[in-house]
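Bear in mind that the values in this text are calculations on the coordinates, not laboratory data. All values reported here derive from a predicted model rather than from experimental measurement. When we count neighbours, we look across all protein chains shown, and the Cβ atoms used for this are built from the backbone with ideal geometry, even at glycine.
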Amino acid sequence: ERFYNMLIGFLGREGQPDMATLLFEEMLLEQVSPNNYTFTALINAYGRARMFSEAMEVFEHMKSCEAESRPNAVTCNTLIGVLCRGKKYVQAVEIFRQMKDGSHGLQKEKCKPSTVTYNTLIDAMCREGRIEEAVDVLADLASGQLDSAVVPDTVTYNIIIDACGKAGNARKAEQLVRGMEERALRPDNATYTALIDAYGKTGEIEKAEFTFRRMQKLGVRPDVLSYTALIASFGRNALLEKAEELFGEMQKQRVQPNEVTYLALIDAHGKAGQPRQAEKLFKAMASSGYKQNVYTYGAMMDAYGKCGEYQLVVNTFQEMRREGCRPNLITYAALLTACGRSENWEDALLMLYCLQQSGSEWE
RNA sequence: ACACACUUGAAACC
């Protein structure tokens, strides 16, 4: 039963709701009884795939179950999370209200909002750009005014710190880090990575590097994401050598670069006008087992474009098509930019025509 | 005891 639950959870996260359904059916055939872990994983699988009516159906079904399988706070959080992802805020808030009231078939004791509930909602607010309000909610949570049973945790702070950073407000992000420390919450890898990213985006690269070194000193071991964030920051700020140096350091520290790390490095080489080196990385990726895909081709096309190698952009595009890789909007953007810079209007028009034929979303 | 379901951080178009 746990095996099934785990697998259904995994498939849901991977965006494979159909496989999840199949597994669920098989589970029933095998007379393995589903519990609230199973149902919650299913809600997640459907919700992530924007199959909201299916998700709601499972949720309603749970309400008619025996005690063990009735919705609990995790179930509700999951539902709120997928609704927020789909921007169905009215419904998300409605579930939140029902959790607090214990109405609509939810048991008040089992469904009390938790820190995760608030974190999910705060994250949604931030993604809508309502950071000020999110900060206010955080303050009310911290003072116990909003919910006497819930206090903010590291994730709560991380969400808002990242949002401030993305909005270009590194000062506010710093202030929040101090705020979390005052509450005896330890900044973790996500906190530092968000900060590094914030500094990288404002061009305060020495602060980004300093933050990275400080986290190491404080005993938080940088993971792939932290390394990649700093590598990308170096790249963005035209510090290719530092990026490469850090790439070497991470491997010495036994932190395996992943696909995103390589993509960041390719981009850094493109920005620095080193298409040959970018190519090398592109090939190195393939030999370390990363299959070429839209992203790798896209990064390569972009790098060539930045280096003025417009013909190579087109060649890469054709290679990508030959390999049967479906282009996305980013691919076309890279192509269009290349055509524009090389004043290759025929190809640009031809491409737009192809795009139109394939009936994709217009920007 | 823990275990299987929920929330946050990195690249690329903008």
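Take chain A, connect every pair of alpha-carbon atoms lying under 10 Å apart with a spring to form a Gaussian network, then pick out the residue of A:268, A:134, A:149 with the largest mean-square fluctuation.
Evaluated over chain A, the most mobile residue of the options is A:149.
With springs connecting C-alpha atoms under 10 Å apart, model chain A as a Gaussian network and identify which of A:234, A:210, A:247 has the largest mean-square fluctuation.
With Cα springs under 10 Å in chain A, the top fluctuation among A:234, A:210, A:247 is at A:210.
For segment A:182-244, run through the trypsin sites (Lys or Arg not before Pro) and keep only the ones in DSSP coil with at most 14 other Cβ atoms within 10 Å of their Cβ.
Details: sites: A:183, A:201, A:207, A:213, A:214, A:217, A:236, A:242; in loops: A:183.
Loop-located and lightly packed - A:183.
How large is the charge dipole for segment A:205-327, taken about the Cα centre, if only the Cβ atoms of Lys, Arg (+1) and Asp, Glu (-1) carry charge, to the nearest 20 debye? Each step should come with its number before you reach the end.
Details: 18 positive and 14 negative charges, 52 e Å.
That gives a dipole near 240 debye.
Work out, step by step, the length gained on full extension between residue A:204 and residue A:145: first 0.36 nm times the residue separation, then minus their alpha carbon distance; give nm to one decimal.
Result for the pair: 17.6 nm of gain on full extension.
Using only alpha carbon pairs under 8 Å that are at least six residues apart, calculate the relative contact order of segment A:104-217 and give it in whole percent. Write down the numbers at each step before the final one.
On the way: 115 pairs, mean separation 23.1, N = 114.
Computed value for segment A:104-217: 20 percent relative contact order.
Positive end of the charge dipole of segment A:64-141 (Lys, Arg +1 and Asp, Glu -1 on Cβ, about the Cα centre): tell me which of A:115, A:84, A:135 has its Cα farthest that way.
A:84
If you filter segment A:1-70 for trypsin sites (Lys or Arg not before Pro), then keep DSSP loop positions with at most 14 other Cβ within 10 Å, what is left? Please report the intermediate quantities before stating the final value.
Working: sites: A:2, A:13, A:48, A:50, A:63; in loops: A:50.
In loop regions of segment A:1-70 (DSSP not H, G, I, E or B), the sparsely surrounded trypsin sites (Lys or Arg not before Pro) are A:50.
HN-Hα J couplings of segment A:171-181 from phi, Karplus 6.51/-1.76/1.60, θ = phi - 60°, integer Hz, Gly and Pro as x?
4, 5, 4, 4, 4, 5, 5, 4, x, 6, 5
Hey, got the Cα dimensions of segment A:256-349 along the principal axes, in Å, largest first?
Ordered largest first, segment A:256-349 gives principal extents of 43, 30, 17 Å.
Whole-Hz ³J(HN,Hα) for each residue in segment A:330-339, computed from phi via Karplus 6.51 cos²θ - 1.76 cosθ + 1.60 with θ = phi - 60°, x for glycine and proline: what do you get?
Going residue by residue, I get 5, 4, 5, 4, 5, 5, 4, 4, 5, 4 Hz, with x marking Gly and Pro.
Positive end of the dipole of segment A:1-97, charges at C-beta (+1 Lys, Arg; -1 Asp, Glu), about the Cα centre: which of A:37, A:61, A:95 has its Cα farthest in that direction?
Positive-most Cα among the choices belongs to A:95.
Quick check: pseudo-label points 7 Å beyond the Cα along Cα→Cβ at residue A:101 and residue A:50, how many nm apart are they?
According to this spin-label approximation, the distance is 3.0 nm.
Please work out the ratio of the alpha-carbon Rg of chain A to 2.2 N^0.38 Å and round it to two decimals. Please report the intermediate quantities before stating the final value.
Details: Rg = 23.8 Å, N = 363, 2.2 N^0.38 = 20.7 Å.
Relative to the 2.2 N^0.38 Å estimate, chain A comes out at 1.15.
Quote the relative contact order of chain A in percent (integer), defining contacts as alpha-carbon pairs under 8 Å separated by 6+ residues.
On the way: 481 pairs, mean separation 24.3, N = 363.
After rounding, I find 7 percent.
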